Amino acid sequence: MSWIKIIKPTEATGELMQIYKEIEEKRGKISNIMKIQSLNPNIMKNHIDLYINLMFGPSGLSREEREFIAVCVSIINNCEYCIKHHAESLNNYWKDGNKIEKFIEDFNSIEISLRLQNILDYVFKLTGNPSYLKENDIDNLRKSGFSDKDILDINLITSYFNFINRIALGLGVEFSSEEIKGYKN
């Protein structure tokens, strides 16, 4: 399951048991990316709060756009764990598994809206080489109709998934087909 010890929900006590319970209530189940943090319950609690706010909180970005960002960052980083989890969520909006698979194989293999293309361009630069970003990249997002708050959300979600990809890849977090399904959207 991972390269470090985890405390399973059935073995948890005290604060960790309570946090596991809260996560299960919010998300429907507990992902392996949360379980990997079980040795530091306070971080796990702060992490789930950040995730919920970024992915489900008020934003000018749709849920589809947020999941799109998650998938894009994870593809660039080759993080199979997050690709599978968030492709599953993105498919709730695209409802086309073949389209998602083609997109995962090659960003240019499918048509996407100009709005999503502009998100992808920014995400690609921020993930691949953030020093290449310039003010005109922000101006391009504005010209596409994104508010400064939306641009902040794009940046935060991109940065978050770069962080999470490194947790998953750096600690050997694994998934099963059962583990990637059944979360509350």
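Since every read-out is calculated from the coordinates, none of them should be taken as a lab result. Worth saying up front: this structure is predicted, and the values here are computed from it rather than measured. Please note: Cβ atoms are built from the backbone with ideal geometry, for glycine as well, and neighbour counts cover all protein chains shown.
Label separation (E111 vs K143): 2.2 nm, computed from points 7 Å beyond Cα along the C-beta direction.
Its Cα gyration tensor gives segment 9-56 an equivalent ellipsoid, and the semi-axes of that ellipsoid, as √(5λ) in whole Å with the largest first, are 17, 11, 9.
A helix-only calculation puts the chain at -20500 deg cm²/dmol for mean residue ellipticity at 222 nm, using -39500 (n - 2.57) for each DSSP H run of at least four residues, averaged over all residues. Counting only complete DSSP H runs, which helices of the chain cover 24 Å or more along their long axis at the Cα atoms and score a mean Kyte-Doolittle of -0.5 or above? Correct list, ordered by number: 148-171.
You can think of it this way: the chain between N92 and E174 has 27.3 nm of extra reach, that is 0.36 nm per residue less the Cα-Cα gap. Which one of T158, T13, T127 has the biggest mean-square fluctuation once the chain is modelled by GNM with Cα springs under 10 Å? Per the Cα network of the chain with a 10 Å cutoff, T13 tops the list.
The Cα-based radius of gyration and maximum Cα-Cα distance (Dmax) for segment 69-171 are 13.5, 40 Å. Relative contact order, whole percent, for segment 1-89 stands at 21, derived from Cα pairs under 8 Å and 6 or more residues apart. Which of these values of Rg and Dmax of the Cα atoms in Å was calculated from the structure shown: (1) 16.8, 52; (2) 22.1, 79; (3) 18.4, 62? Structure-derived value, by its label: (1). Taking N32, N78, N108 as the candidate residues, the one with maximal mean-square fluctuation in a Gaussian network model of the chain, Cα springs under 10 Å, is N108. Computed about its Cα centre, the charge dipole of segment 28-94 is approximately 240 debye, with only Lys, Arg, Asp and Glu carrying charge at their Cβ.
Per residue, the average separation of C-alpha pairs within less than 8 Å and at least 6 apart gives segment 28-185 a relative contact order of 36 percent.
When the listed pairs K45/K184; K29/K84; K84/K149; K5/K125 are checked against a 23 Å cut-off, the alpha-carbon distance exceeds it for K84/K149; K5/K125.
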